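This report refers to the structure that appears directly beneath it.
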Amino acid sequence: MIKKRKRNPYTEVCVLGKHIRMSTNKARRVIDQISGRSYEETLMVLELMPYRVMPYRACYPLFKLVYSAAANAIHNMGLNEASLIISKVEVNEGTTVKKLKPRGRIYPIKRPTCHITIVLKDISVNEQYYKRSKYAILYLKNPGWINKNKYTDMTCHDIYSIGGLWDKK
């Protein structure tokens, strides 16, 4: 018996960059700046960061990965680049490249690598899904079921005119 998989209500594009020669801490500094932003805003942030300065050295590889993920989304899935956001970004430790350099005696040099995963999500597909969800249908049938609060007046209560703590003599 063949089981059919349910299709996700939203479309995601995932890109994985492996064995990038930098430490995970340096990549995480840049990732904190771009997570949750739109695709166009992310490209601007990564371009304007000083990638030749040591803490922001991860800007260039991240720029290439985000650009590649968007190109995959546009070409393979036919998505619009204006509606893409970065939903998830991960940095994991990779293998450590070990070398031996003669400096008087043999001196081990360890070069850390990292694996970067970037997931782009299309917002427009998400909005279409939520428009057709069961809560939207229930709201159309009975619009008062969400706000059952009877007291919805917008009166402003002033503490000083009512006679609060400072009126006592």
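The values are calculated or read from the model by the stated rules, or taken from the named source; none is laboratory data. Because the structure is predicted, anything quoted here is derived from the model rather than measured. Ideal geometry is used to build each Cβ from the backbone, glycine not excepted, and the neighbour counts take in all protein chains shown. Just so you know, the surface numbers come from the protein's heavy atoms only, side chains and all, with ligands and any DNA or RNA stripped out. Shrake-Rupley method; radii C 1.70, N 1.55, O 1.52, S 1.80 Å.
Values as computed for the structure displayed
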read-out: Segment 10-126, accessible surface, carbon-and-sulfur percent (1.4 angstrom probe); value: 51
read-out: Taking the convex hull of Cα positions in segment 10-126, its mean projected area over all directions (nm²); value: 7.9
read-out: For Lys110, net neighbour charge (Lys/Arg +1, Asp/Glu -1) across residues whose Cβ lies under 10 Å away; value: +3
read-out: Farthest toward positive dipole pole in segment 10-126 [+1 Lys/Arg, -1 Asp/Glu at C-beta], among Gly17, Ile106, Gly78; value: Ile106
read-out: Within segment 12-36: backbone nitrogen closer than 16 Å to the Lys64 label point (7 Å, Cα to C-beta); value: 15-23, 27
read-out: Unsatisfied cross-links (Cα-Cα over 20 Å) in the set Lys18/Lys98; Lys88/Lys110; Lys64/Lys110; Lys64/Lys88; Lys64/Lys99; value: Lys88/Lys110; Lys64/Lys110; Lys64/Lys99
read-out: Average accessible surface area per residue within segment 10-126, 1.4 Å rolling probe, Å²; value: 61
